[in-house]
Amino acid sequence: MIWETFLLAEREIRRNVLRSSLTILGIVIGVAAVITMVTLGGGATAQVAADISSLGSNMLQVRPGQGFHGPGGTRSAAPRFKVDDAEAIDRNVSGLAAVAPMSSGTAQAIYGNENWSTSVTGSTDAFLQVRNWSLAEGRGFTGGEIRAGKNVCILGATVRTELFGGQDPVNASIRLQKLSFQVIGVLDSKGQSSFGHDQDDFVLIPLRTFQRRIAGNTDVSSIYVSAKDGVSTEKVKADIETLMRERRRISVGDDDDFNVRDMKEIMVALTSSTRVLTALLAAVAAVSLLVGGIGIMNIMLVSVTERTREIGTRLAIGALEREVLQQFLVEAVVLSCFGGIIGIILGLGAAAVGADMLRVPFLFNLKIVVIAFLFSAAVGVVFGYFPARKAARLDPIEALRHE
Amino acid sequence: MNTQNHSKDSHHSLITINGVTRVYGQGSAAMYALRGVDFSIHTGEFVAVMGPSGSGKSTCMNILGCLDTPTDGEYLLEGVNVGKLSRDQRALLRRNYLGFVFQGFNLLNRTSALENVELPLIYRGTPIAERRIRAKEALASVGLEGWEAHTPGELSGGQQQRVAIARAIVTHPRVLLADEPTGNLDTARSREIMELLTSFNRERNITIIMVTHEAEMAAYAGRRIHFIDGVIDNGQDTERKNA
């Protein structure tokens, strides 16, 4: 009987193709929107995670001030770090692969007629190691250059392109803050970070050079630390905190006036915020599913009215209330499931195109596909029930008389 | 009240109607469609129900068809008191014992003649192979062999009514209720339909109760029951002379 009902529903739907397609349009759009949003959101989350691990997944960042204020945001009241702090960390904390003190500011980079406003970072050779960065051309700093604070620089890929175009920059001289710097190397490109910030748009110079020539002080704005593989970053973080509390003479009970950020925590924070955003977008998309359900109910009610005589005939022939209810319910569910399937196909297609345009990976999410399908079936049941019940409860005498 | 006599009656009557009234509305707005009707119908009879509109004949047909129940009095179908049954129980009675033919044919649109005839068998749960065979036989018995695949839109009015009759008799019902079956047809087509009904009545012993207002069609029946103002007009209740 249920198979009969299914065939009947299928025939009823085919009987009025245009109307059936308009009926399911709401469901199609709703499901497609949910699938697209969730798939793209999943891709974006994965992209953020990948970006952060490209910063160096065992990396920790030590900054003065409380809490994490986002890129460049430190609290001015807290005392700055000095190079000594970085050296102390290197000496006293075990399990470290590299420690890179760094400071940065902005400067105009000039080469010939080309002029580019960029950021200048002063650090050591360890910076490249900590940040997981490799050289595309040239060489890194020598120990002598770092100690002496020579005017040498390594260019980020963007700066290289902006200033040199196709020319070879190695051994050329550029000007930063009216000072002449010799280009000794060029970094590999890392592209845009998930914050939308171009990671390749900077010039790296020795820390001492930066302090003397550009900043005019001996401050270190933050210290990058990378743990050896297999070493727990939680332990490294705790050790650095203990050490820095001692060095900065913070009494027991007082808050830290510095903070140590584990990149893993940042990754978790950022990926969870993309997830929340994805969930919000999906929720908005789900509203259109609801609207789609109302569309189905509307058309099913029209259909019940139109088919009143048919229902009367069926009742007269001996159909039970339950059987008429089942017939209309199955019809609504078949419609909404069909809409769900089309929506899933469209949604995945749109997500594939969108992922390509937004340059995030396309990650097929089976769970959301299954959920979307079940949800569309549920929409059919919920919004098909009222019209179906209306059909089942018709008085056969009235229904047969209906024009 | 001689209920004992009536219940004894029901042993050899297919249908017994005892003091049936049907009232619509309540209090001062109450409208009496039937004001106490008694009659019985035996298996194999062909009865024409006649009367002007508003006389109660349609109400009576609805009650006989188990679509409606009496406000008062009792309707026994094969000894079963239909008035005491639930909506679904009455649906099962219709499914298993009754066949319906309507004035407006009431076939499913855009559905082939064969599928239309199969419909009551679907509700009976008849397996598909048997259903096909029985529906084809029924269509053949109303002279529509070869028209199985045609939809109502492709059939003439007479042919549509034949499909409807095939649908009504495919379940081998005890009673066939026909409500103005010739009302939408011309005289020649009407006669064909009446010949068909008469043949089913005689050859298959199907009891037929037919509402009509045309004397010519009523003449095919073995007995005529006239309704007037919610009661049976006994003056015109006549037996068929050449029975």
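The values are calculated or read from the model by the stated rules, or taken from the named source; none is laboratory data. These figures come from a predicted structure and were not determined experimentally. Heads up, the Cβs are rebuilt from the backbone with ideal geometry, glycines too, and the neighbour counts pull from every protein chain shown. The area values use the complete protein model at the heavy-atom level, side chains included, leaving out ligands, DNA and RNA. Shrake-Rupley method; radii C 1.70, N 1.55, O 1.52, S 1.80 Å.
Just one of the listed residues (A:370, A:353, A:360, A:381) is away from every other protein chain (no Cβ under 14 Å) and outside any helix (DSSP H, G or I), namely A:360.
Please tell me if residue A:249 is surrounded by fewer than 17 Cβ atoms within 10 Å (Cβ to Cβ), closer than 30 Å to residue A:88 by Cβ and either in the same structural domain as residue A:98 (by TED's automatic domain parsing) or modelled with pLDDT under 90 (or both). Considered against the rule, which asks whether it is surrounded by fewer than 17 Cβ atoms within 10 Å (Cβ to Cβ), closer than 30 Å to residue A:88 by Cβ and either in the same structural domain as residue A:98 (by TED's automatic domain parsing) or modelled with pLDDT under 90 (or both), residue A:249 comes out as yes.
Inside the stretch A:260-318, residues that are under 30 Å from residue B:94 (Cα atoms) and open to solvent by less than 60 Å² (accessible area, probe 1.4 Å) make up a count of 15. Here residue B:128 fulfils each of the conditions (1) surrounded by 22 or more Cβ atoms within 10 Å (Cβ to Cβ); (2) within 14 Å of chain A (Cβ to nearest Cβ); (3) over 30 Å from residue B:34 (Cα atoms) apart from (1).
Being open to solvent by less than 30 Å² (accessible area, probe 1.4 Å) and modelled with pLDDT under 75: is that true of residue A:70 here?
Values: open to solvent by less than 30 Å² (accessible area, probe 1.4 Å): yes; modelled with pLDDT under 75: yes.
Spelling it out, residue A:70 is indeed open to solvent by less than 30 Å² (accessible area, probe 1.4 Å) and modelled with pLDDT under 75.
Under 30 Å from residue B:105 (Cβ atoms) and either of a type outside the set (D, E, K, R) or within 14 Å of chain B (Cβ to nearest Cβ) (or both): is that true of residue A:305 in this structure? It is true that residue A:305 is under 30 Å from residue B:105 (Cβ atoms) and either of a type outside the set (D, E, K, R) or within 14 Å of chain B (Cβ to nearest Cβ) (or both).
When you scan the stretch B:74-81, do you find a residue that is at positive phi, more than 10 Å from chain A (Cβ to nearest Cβ), touching a Gly at 6+ places or on another chain (Cβ under 6 Å) and open to solvent by 30 Å² or more (accessible area, probe 1.4 Å), even just one?
Let us first name the residues in the stretch B:74-81 that are at positive phi, namely B:78-79.
Next, from what is left, pick out any that are more than 10 Å from chain A (Cβ to nearest Cβ): B:78-79.
Subsequent filtering for residues that are touching a Gly at 6+ places or on another chain (Cβ under 6 Å) retains none.
No: zero hits.
The requirement of being modelled with pLDDT under 90 and either open to solvent by less than 50 Å² (accessible area, probe 1.4 Å) or of a type in the set (Ser, Thr, Tyr) (or both) is fulfilled somewhere in the stretch A:207-214, by at least one residue.
Applying the criterion of being of a type in the set (Val, Ile, Thr) and not in a helix (DSSP H, G or I) to the residues of the stretch B:84-125, the residue that is farthest from the other protein chains (Cβ to nearest Cβ) is B:101.
With respect to residue A:325, determine if the residue is closer than 22 Å to residue B:90 by Cβ, in a helix (DSSP H, G or I), at pLDDT 90 or above and open to solvent by 30 Å² or more (accessible area, probe 1.4 Å). Criteria met by residue A:325.
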